[in-house]
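The values are calculated or read from the model by the stated rules, or taken from the named source; none is laboratory data. Model, not experiment: these values are computed from the prediction. Reconstructed Cβ throughout: ideal geometry from the backbone, glycine too, with neighbour counts over all protein chains shown. Surface areas here come from the heavy atoms of the whole protein model, side chains and all, with no ligands, DNA or RNA. Shrake-Rupley method; radii C 1.70, N 1.55, O 1.52, S 1.80 Å.
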Amino acid sequence: MASIGAAAVTTEFLRPRVLFEPATAFAVGPPDAIEVGAVLDFPDHHAFVLRMADGFRAMSSVCTHLGCITRYQPDAHLIACPCHGSRFALDGEVVAGPAPRPLHWLEMFLSDKGLVMVDTAVEVPLGTVYKL
C-alpha cells in the first residue's frame, strides 16, 4: 500500500507544471483604418494606441504611481488615473501627480498580414514614433 502511495506522489512530482501566459503582442488593425488623432483604448491589454500626424505610438495604461489602470478622457484630451488622481498628457508625460514617471511606451510593428501590432512586453524609449 505504501508503494502505491509513493508511486502516486512520484508520478505527480514528475509531471510538468506549466503556466500558460497569454501572448503579449496583439493586433490593432490595418494602419489605414486608424484615423489621425485617434486614441484607442485596449483595456484587456492595458494599452493605448495613438495615431498622430507624425505616426503611431503605443503606451501602457498602467499608472506609474501604484499600478492602477488609467482611462482616456476625450473631453479633456488626457489620460487619468481613477485611483489617486494622476493625469498624463497624450505623450505619456505626467501633468499632475502623484505619479513619479511618465507612462511607459510600447513597441509597435507591422504584422505579415499588414496589421498594426503592439507588444506590451517590450518597452521602448519615450518619444518613439512608428511610421507604419
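So here's what we get for this one:
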| item | result |
| --- | --- |
| The stretch 96-119: number of residues that are open to solvent by 50 Å² or more (accessible area, probe 1.4 Å) and either in contact with a Leu (Cβ under 6 Å, 6 or more places away or on another chain) or under 15 Å from Val62 (Cα atoms) (or both) | 5 |
| Entirely in the stretch 37-90, the strands (runs of 3 or more DSSP E) that have 1 or more residues that are within 12 Å of the chain's Cα centre (by Cα) and of a type outside the set (Gly, Ala, Ser) | 39-42, 47-52, 55-60 |
| One residue from Thr128, Thr120 being touching a residue at least 24 places away in the same chain (Cβ under 8 Å), closer than 25 Å to Ala33 by Cα and assigned to a strand (DSSP E or B) | Thr120 |
| Search result, residues across the stretch 120-132 that are surrounded by 13 or more Cβ atoms within 10 Å (Cβ to Cβ) and within 10 Å of the chain's Cα centre (by Cα) | Thr120, Val122, Glu123 |
